[in-house]
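Pasting a structure below so you can have a look.
Nothing in this text is a laboratory measurement; each read-out follows from the coordinates by a stated rule. Predicted model only: the values in this text are computed from it and were never measured. For neighbour counting, all protein chains shown are included, and Cβ atoms are generated from backbone atoms with ideal geometry for every residue, glycine included.
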Amino acid sequence: MRCYICDKDADQVDSQRDADLVDCHSCGSYGISRSALSVLHANAYVFNIARTLDWLRQERKAGQARPMIHSQSGLWD
Ligand SMILES: [Zn+2]
């Protein structure tokens, strides 16, 4: 699959009912909720990569090994 954030090669670890779990070589491990995916697709939003990577770093520092991106996370432009 393509990473939702950076569009490079990534592994889909799991596809759950309410979220996709992704391991990206560039972005690391994260999850993205179904509602976030539909907001992205419906509006053709793209991730602000710098802001997203920064957010992921902060979440991991706070102990979240796989940060979950929600539709309200505001990481896209
Ligand atoms: Zn990525």
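Within the set of other residues whose C-beta is less than 15 Å from the C-beta of residue 14, count the net charge using Lys and Arg as +1 and Asp and Glu as -1.
Details: positive: 17, 34, 66; negative: 11, 18, 20, 23.
My count for the surroundings of residue 14 gives -1.
Give me the number: length gained by fully extending residue 51 to residue 34, i.e. 0.36 nm times residue separation minus the C-alpha to C-alpha distance, one decimal in nm.
Numbers: separation 17, 0.36 × 17 = 6.12 nm, distance 2.05 nm.
Gain on stretching residue 51 to residue 34: 4.1 nm.
Would you mind calculating the relative contact order of the range 25-77 from Cα pairs under 8 angstrom and at least 6 residues apart, reporting the percent as a whole number?
Worked out over the range 25-77, it gives 56 percent.
Please compute the net charge surrounding residue 24, taking Lys and Arg as +1 and Asp and Glu as -1 over other residues with Cβ under 11 Å from its Cβ. Don't skip to the end; give the middle numbers.
Numbers: positive: 2, 8; negative: 7, 9, 11, 23.
Every neighbour counted, the sum reads -2.
Moving to a separate point now. By average Cβ neighbour count within 10 Å, what is the ranking of 40-47, 66-73 from highest down? Please list the in-between numbers first.
On the way: 40-47: 12.1, 66-73: 16.9.
My ranking of the peptides, most packed first, is 66-73, 40-47.
At 1.002 mPa s and 20 °C, plugging the Kirkwood radius over alpha-carbon pairs of the chain into Stokes-Einstein gives what diffusion coefficient in µm²/s? Don't skip to the answer; put the middle values down first.
On the way: Rh = 12.3 Å.
The calculation lands on 174 µm²/s.
Can you work out D for the range 33-77 in µm² s⁻¹ from Stokes-Einstein, where Rh is the Kirkwood radius over C-alpha pairs, the temperature is 4 °C and the viscosity is 1.567 mPa s? It would help to have the intermediate numbers written out before the result.
Details: Rh = 10.9 Å.
The Stokes-Einstein estimate is 119 µm²/s.
So if I place +1 on the C-beta of Lys and Arg and -1 on the C-beta of Asp and Glu, and nothing else carries charge, what would the dipole magnitude of the chain be about its Cα centre? I want it in debye, nearest 20.
The calculated dipole for the chain is roughly 180 debye.
Another question about this same structure. If amide hydrogens are placed 1.01 Å from N in the peptide plane, which non-local residues have theirs closer than 5 Å to the one on residue 48?
Those lying under 5 Å, H to H, from residue 48 are 76, 77.
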